[in-house]
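The values are calculated or read from the model by the stated rules, or taken from the named source; none is laboratory data. Remember, it's a predicted structure, so these values are computed and weren't measured experimentally. Virtual Cβ from ideal backbone geometry, glycine too; neighbours counted across all protein chains shown.
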Amino acid sequence: MKNPNDETSQHIVILRNLIEESVGRKIKTPTDFSFLTGVIMERTKEMLSVTTLKRIWGYIDGYDTTRYATLSILARCVGYKDWESFEQNYCNSDQESSKLLFGESLNVQDLAEGTQIRIAWNPDRECLLKALGQGNFEVLESVNSKLKANDTFHCSLMILNQPLYIDNLVQANHESALFVVGNKGGLTKIEVERC
C-alpha cells in the first residue's frame, strides 16, 4: 500500500520544480532563498521565511511535515488556489503532467533578440511579442488584452497551460511590479514565429 506521506513528498518535489521553472532559476544558495521569499511576497502577498524555504528545499534539516497553509502559499505562487487544488488539478489529473509541463515550455533566456513569439490565453486574448534579450519583451500586437502594443516587460519562462508571470511591466511610462497573464487556465499557445 502506498504511503500518503511519500505521495505528498513527491508532490512537494514537483511543486518545488514548478516554482524554480516559474522564477527561472534553481534555488540552491542563501541568495536564491532570499530572492524566492521576495517573489512569493510579490505574487501572493504572503510571507514565508527563508528558513522555512530552506527546510522545504532540503537545504537544512527540519520537520518531517510541512503545514498545509505553507504548501498553499507555494501553490498560489504558481497560480493554484491552494495545496489541495494543486494536488487535484496538477498532480492527480494526469500522471504525465509534470513531464508535459516541462516539455512544453520556452526558456526565454535562450531567445535571440528580435525573435517573435505569439502567445494566447482565454478568453480570446492574444499577443505578438518581440524578444529584446535577457528575458525582456516588447508587445508588438495585442488582441483583447490589458497588454498593449509598445508595452515592455520581463519574464523568465513561458509554460503552456500555466499562468505567465511577468515583471517590470512598463505601460505608457507607468511601471508595475508584477502582472499575471492567463491566471485561469494558463497560456493556450506559445509559438515562435521568426527571428
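Below is a table of values for the structure above.
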| item | result |
| --- | --- |
| Residue, farthest from LYS81 (Cα to Cα), within segment 172-195, restricted to residues that are of a type in the set (Lys, Arg) and out of contact with any Lys or Arg (no Cβ under 7 Å at 6 or more places or on another chain) | ARG194 |
| Verdict on GLN109 being in a helix (DSSP H, G or I), at pLDDT below 90 and in the same structural domain as GLY186 (by TED's automatic domain parsing) | yes |
| Residue among LEU164, LEU169, LEU160 that is touching an Asp or Glu at 6+ places or on another chain (Cβ under 6 Å) and within 28 Å of LYS81 (Cβ to Cβ) | LEU160 |
| Extreme residue, farthest from VAL180 (Cα to Cα), among residues of segment 42-53 that are assigned to a helix (DSSP H, G or I) and at pLDDT 90 or above | THR51 |
| Among the residues listed as TYR63, TYR80, the single one being surrounded by 18 or more Cβ atoms within 10 Å (Cβ to Cβ) and at pLDDT below 85 | TYR80 |
| Segment 139-193, residues that are part of a strand (DSSP E or B), within 16 Å of GLN116 (Cα to Cα) and not hydrophobic (A, V, I, L, M, F, W, C) | GLU141, SER142, THR152, HIS154, LYS189, GLU191, GLU193 |
| Residue in segment 112-131 that is farthest from the chain's Cα centre (by Cα), counting only those that are β-branched (Val, Ile, Thr) and assigned to a strand (DSSP E or B) | ILE117 |
| Residue count for segment 24-34, restricted to those that are surrounded by fewer than 16 Cβ atoms within 10 Å (Cβ to Cβ) and either part of a helix (DSSP H, G or I) or free of Cβ contacts under 8 Å to residues at least 24 places away in the same chain (or both) | 5 |
| Enumeration of residues in segment 176-195 that are in contact with a Ser or Thr (Cβ under 9 Å, 6 or more places away or on another chain), modelled with pLDDT of 85 or more and on the phi < 0 side of the Ramachandran plot | VAL181, ILE190, VAL192 |
| Sole residue being touching a residue at least 40 places away in the same chain (Cβ under 8 Å), polar (S, T, N, Q) and on the phi > 0 side of the Ramachandran plot, chosen from ASN173, ASN161 | ASN161 |
| Total residues in segment 124-135, condition farther than 13 Å from VAL181 by Cβ and modelled with pLDDT of 90 or more | 5 |
